[in-house]
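A quick write-up on the structure given underneath.
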Amino acid sequence: AISFQKKSLSYMLLINPGNLFSINQESGALSLTRLVDYESGHNLHTLQVRASETDTGLSGVAEVLNIIRFFVYH
């Protein structure tokens, strides 16, 4: 990813309850680290992500709300 100043960005998870998610440091893409029990009813997860310019060290933090949904296709 590139910042508005045309600088490379790197991403880091600051808050990741249960270490359920991982983040690609270059793209910021989130992934699950393990299978999720969809029937448990716990499908809402709040994360905190930091994006930093690798050259300057400037950074920003955002809260990310993830809703995990399960779909059955027939």
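The values are calculated or read from the model by the stated rules, or taken from the named source; none is laboratory data. Note that this is a predicted model, so its numbers are computed, not measured. Glycine gets a Cβ as well: all are built from the backbone with ideal geometry, and neighbour counts include every protein chain shown. Ligands, DNA and RNA are stripped out before the accessible areas are found, and what is left, the full protein with its side chains, is counted by its heavy atoms. Shrake-Rupley method; radii C 1.70, N 1.55, O 1.52, S 1.80 Å.
Tabulated values for the structure
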| quantity | calculated |
| --- | --- |
| Selection from segment 31-47 of residues that are outside any loop (DSSP other than H, G, I, E, B) and either polar (S, T, N, Q) or open to solvent by less than 80 Å² (accessible area, probe 1.4 Å) (or both) | Ser31, Leu32, Ser40, His45, Thr46, Leu47 |
| Which numbered condition Gly28 misses (of (1) surrounded by 13 or more Cβ atoms within 10 Å (Cβ to Cβ); (2) not in a loop (DSSP other than H, G, I, E, B)) | (2) |
| Subset of segment 48-63 (residues that are in contact with a Ser or Thr (Cβ under 7 Å, 6 or more places away or on another chain) and assigned to a strand (DSSP E or B)) | Arg50, Ala51, Ser52, Glu53, Ser59, Glu63 |
| Cross-chain or 6+ apart pairs with Cβ under 7 Å, segment 24-42 first and over 16 Å from Ser52 (Cα atoms), then open to solvent by 70 Å² or more (accessible area, probe 1.4 Å) and assigned to a helix (DSSP H, G or I) | Thr33/Asn19 |
| Conditions (1) free of Cβ contacts under 8 Å to residues at least 12 places away in the same chain; (2) open to solvent by 70 Å² or more (accessible area, probe 1.4 Å); number of the one not met by Asp55 | (1) |
